[in-house]
Each structure stands twice: as C-alpha cells, then as structure tokens.
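Bear in mind these aren't lab numbers, they're just calculated from the coordinates by the rules spelled out. If you're wondering where the values come from, they're calculated on a predicted model, not measured in any experiment. Using ideal geometry, Cβ is built from the backbone for each residue, glycine included, and neighbour counts are taken over all protein chains shown.
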Amino acid sequence: MIENRGLPLSEYKAAPRTVVEACFDPQGTASLDYVYDVAAAAGLSDQPVRLAIRRLEAAGVLRQEGRGRKGRLLLTGAGRLRADTDVRFIALAYAQDAGLAPWDGLWRLYTFSVPEQRRPERDALRVALTRLGAVALAPGAYVSPHDLLEELVGETSEATVGTYLITAEATRLIGPGFTDAVAIAERLWPAAETIEAYRPLADALDAESLGSGGSSAELVATALGLAEAFSQAMESDPLLPPELRPTPWPPSQLRQRFREKWDEIRRHAPDLSLFRAYDLPEAPSA
C-alpha cells in the first residue's frame, strides 16, 4: 500500500482518468487496490476515481471484474489500440526531436462522406482525425503531413475506414496564404497555439517542489502531475515535422526536460507500475 503522509503535493494534480490509466501494467491489468492507493497518494478521493472508471468502461476502454479493492480493471481491445496509438505518437515526437524522422514532403488528404443514418461513424472519423492532429480544409476534408491510416483504423474501425475514407497525397497545396510549406503549417497549425499548450508542462517542470521529497506519496503525486501536464500538451500538439516549425522549437526543449525529470523521479521508485505505464522511448545514442 502507498502511504500518504500528508506531505504537500504539487498543484498540478492529476485528473482521475490519468490516475486510472497510469495504473495498468504491461499486460493491461490494474488492481483496484493499487488504483485507489495511487489516487489517495495523489490527493484524490475514491468517488471521482470510481466515476472515471465508469466513464472509461462506458466508452469501451476498459472493463471491471469484481468490486471494491479486491477487483481489477482490464483494458479492452479498443483501450489497448488507443494506448498503442499514444505510445507511437510519443515515440514519433522524440524521434522528430532527435532528427530521426525527417518529413517526406507529402501532404496527406483525408476526405469522407457518410450517410446521415451512419452519423456515429462520421462523428468517429471527424473526432479521430482531429485527435490525431489533422486539420479541416472543408467539411469532410482534412489534411496532415503524417500518414494516419493505421491510427485511424485503431481509433474508429477497419470497416469504417475501408467504407468511407478516401485518401490522397500531394506535394503542393494551393489556397489563400499557402505560399510554401512553412507558411501552410503556420496558417493551419499556428505555432503560438501549440507553444501555449505546453505552458502547464513548463510551469510543472519549474515548480520548486517537484522531485524535492523522497516519500512514495510525494513521488507518486509529482509523477502524476507531470504526466497530466505532459499528456495535455501532447494531445494539443499535431507533432508537425521539425521542417515545418521554427528553430529552436520550445515544445521539443520541454519534452527533453520532461524526459530528464521523469528519469530522475523514476530512479527513486523504479518498482512502481505507474512509472512502467508511462515509459518513454529510449533516448537515441549520440
């Protein structure tokens, strides 16, 4: 059991959903006893955690077996696919930061027309494309510098993608303000908005209390606060190739600082499963 000794916790408190998702082991299982202990260490009561579990179960991300602290949570197939997508995008971010994933110069276009009676599938495609960083050029027409097909299948279904989605690749986009690739990127994905999304992570990394204590409770709270800020920033980042962003790029610098802080905290508690759940890609060798 993780002891909470009433130590001051970071103001960057993790959301209940973040706590739940952080507690899954590599096999996709989380004991409810561990989930509630981690939540308590992070300053959360049981009730919001139970609500988060119900919502995740209703969304098809997980299922619960048993009740109370003796029960457990299991990731569903959909939950595993979503988690795998998140892992791939984190890996892509660090590969791009290291110059290991150069852009091939192609814009990917995604368009679909779904009948009204199949509206849930239409909404799923739109939500998935937006979550994956694509931008709408017109109703039902999106663009991204990345090939998102595999991720779209995971976010929706192979049947939905195969039935309704049309994709194309282009070396040029022509339109108002579309003078060159960098100008296109700035018009569709303004740099200032992405930089602003990383402000909570910058604040969390700058907070004097982070990493200052040695108790399990404080380490858990610090780690989850950082994970929350990092996750929120990544969800708002389309992860454009570095060729389309100014240099230096502040989000890249903050991701490196996050990696260093995460490694520092993990060295103090290497056996906590929440650290394994938030493993980062190996840093590239020099």
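Observations on the model:
- CD proxy at 222 nm, helix term only [per DSSP H run n ≥ 4: -39500 (n - 2.57); per residue of the chain; nearest 500]: -15500 deg cm²/dmol
- Sorted largest first, the principal axis extents computed over the alpha-carbon atoms of the stretch 35-176 equal 57, 45, 26 Å.
- Each residue, Ala58 and Arg187, gets one label point 7 Å from its Cα in the Cβ direction; the gap between the two is 4.1 nm.
- Charged-residue dipole, Cβ positions (Lys, Arg, Asp, Glu), the chain about Cα centre, Debye nearest 20: 760 debye
- Put simply, the amide H of Ser31, placed in the peptide plane, has neighbours under 5 Å in Leu73, leaving out anything fewer than 5 places away on its chain.
- Value in Å of the Kirkwood radius, where the stretch 45-126 supplies the Cα pairs that are averaged: 16.5 Å
- The stretch 106-170, dipole about Cα centre (Lys/Arg Cβ +1, Asp/Glu Cβ -1), debye to the nearest 20: 240 debye
- Burial ordering of Asp37, Asp104, fewest other beta-carbon atoms within 10 Å first: Asp104, Asp37
- Rh (Kirkwood; distinct C-alpha pairs) - the stretch 106-170, Å: 11.5 Å
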